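The values are calculated or read from the model by the stated rules, or taken from the named source; none is laboratory data. All of these numbers come straight from a predicted model, not from anything done at the bench. Neighbour counts run over all protein chains shown; Cβ positions are idealised from the backbone, glycine included.
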Amino acid sequence: MFAGISLFSTALKHVLKMTPNVVFVLGGPGAGKGTQCQKIVEHFGYVHLSAGDLLREERSKPGSKYGELIETYIKEGKIVPVEITCSLLERAMVQSGKQNFLIDGFPRNQDNLDGWNKVMANKVNLQFVIVFDCPLEVCTERCLKRGTSSGRVDDNVDSLRKRINTFLSETRPIIDYYAKLNLVRQIDATRPEEEVYKDVEHLFQAGAGDN
Ligand code: ADP
Ligand code: C5P
Ligand code: MG
C-alpha cells in the first residue's frame with residue numbers, strides 16, 4: 001500500500017558504521033520541540049529530524065503519491081500511517097551519514113510505536129525521550145502566534161483543537177509507555193527559551209540515560 005517511498009529496512013546498518021543513537025523529542029504542539037532541537041544541533045552536533053517537517057516536505061514534492069493524504073491528515077491533526085513516516089525517517093538517517101539523531105514529533109501514537117519497534121528499534125540505540133511539558137493553553141497561544149508567519153495549514157484554532165485532542169488521546173499513552181521504561185526526561189517548557197535550554201543542556205552534558 002505504501003510502496004512509493006522505498007523502505008530502507010536493511011540499509012541503515014549497512015550505511016552507518018556504528019549503531020546510531022536516537023533521542024525522541026515529544027511534547028504538545030508548540031511546546032518548543034523544534035526550537036530546542038536547533039540548539040541541541042548547534043551545541044551537540046545531533047542531526048535534527050522532525051517527522052512533521054519530513055511529512056510537509058514529502059507533501060510538497062511534485063507528484064508525491066502521498067501528498068494529498070498527508071495534507072488531509074495534517075489539517076485534521078491526525079497521525080499519518082507509520083509506513084510513510086518511518087520510511088521518511090530512515091531515509092533521512094541513511095542520507096545524513098551521521099550517527100546521532102534527534103527524532104522530533106515521533107512516535108506520536110501506537111501505530112507509530114509499533115511500526116518503529118518492528119522496523120527500526122533493533123537497529124538503533126534509543127538514549128532517552130525528552131518530553132517538553134507545557135500547558136496546552138500556552139501551546140495553543142504559541143502556535144497561533146507562529147501561524148501569523150509559518151504558512152502552516154494547521155496553526156489555526158480549528159486544527160489546533162484536533163491536534164490537542166490527538167496529543168491527549170494518542171501521544172500521552174506513548175509518553176506513559178516510555179516513562180515505564182524509565183526513558184522519559186521531562187522538561188518544563190513554559191519558561192523562556194534560554195532557560196528551557198539550560199535544562200536541556202544539562203541532560204546532554206550528563207549523557208542522561210545513555211543506554
Ligand atoms: P514545536 O516544534 O513543539 O511545535 P516550536 O519550536 O516550533 O514548537 O515553537 C512554537 C512557537 O513557539 C514558535 O513560534 C517558537 O518561536 C515559540 N517558542 C518556542 N519556545 C518558546 C518559549 N520557551 N517561550 C516562548 N515561545 C517559544
Ligand atoms: O510535529 P509537527 O507539529 O510538525 O506535526 C505536524 C503534523 O504532522 C501533526 O499534527 C500530524 O498531522 C503530522 N505528523 C504525523 N506523524 C508524526 C508527526 C507529525 O502524522 N509522527
Ligand atoms: Mg515542530
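Within region 168-189, the set of residues being out of contact with any strand residue (DSSP E or B) (no Cβ under 8 Å at 6 or more places or on another chain), within 22 Å of L126 (Cα to Cα) and hydrophobic (A, V, I, L, M, F, W, C) comprises A179, L181. Scanning region 159-209 for residues that are within 16 Å of ligand 2 (Cβ to nearest atom) and of a type outside the set (V, I, T) yields a count of 15. Scanning region 30-57 for residues that are among the hydrophobic types (A, V, I, L, M, F, W, C) and surrounded by fewer than 17 Cβ atoms within 10 Å (Cβ to Cβ), we see that the one that is farthest from ligand 1 (Cβ to nearest atom) is F44. Only one of the listed residues (N117, N122, N182) is surrounded by fewer than 15 Cβ atoms within 10 Å (Cβ to Cβ) and not in a helix (DSSP H, G or I). That residue is N182. Residues to consider are R191, R142; find the one that is more than 19 Å from the chain's Cα centre (by Cα), closer than 20 Å to K39 by Cα and either within 9 Å of ligand 1 (Cβ to nearest atom) or among the small types (G, A, S) (or both). Testing whether each residue is more than 19 Å from the chain's Cα centre (by Cα), closer than 20 Å to K39 by Cα and either within 9 Å of ligand 1 (Cβ to nearest atom) or among the small types (G, A, S) (or both) leaves just R191.
In region 58-79, of all residues being outside any loop (DSSP other than H, G, I, E, B) and touching a residue at least 24 places away in the same chain (Cβ under 8 Å), the one that is surrounded by the most Cβ atoms within 10 Å (Cβ to Cβ) corresponds to E58. Inspect region 5-16 for any residue being closer than 26 Å to R185 by Cβ and modelled with pLDDT of 95 or more and give the result as yes or no. Taking every residue of region 5-16 in turn, none turns out to be closer than 26 Å to R185 by Cβ and modelled with pLDDT of 95 or more. Of all residues in region 80-103, those that are modelled with pLDDT of 95 or more have Cβ atoms under 9 Å from Cβ atoms of residues that are within 13 Å of ligand 2 (Cβ to nearest atom) and of a type in the set (D, E), 6 or more apart or on another chain, in P81/D111; V82/D111; V82/D114; I84/E58; L88/E57; L88/E58.
Considering region 57-98, the residues that are among the polar types (S, T, N, Q) and within 17 Å of the chain's Cα centre (by Cα) include one that is nearest to ligand 2 (Cβ to nearest atom), namely T85.
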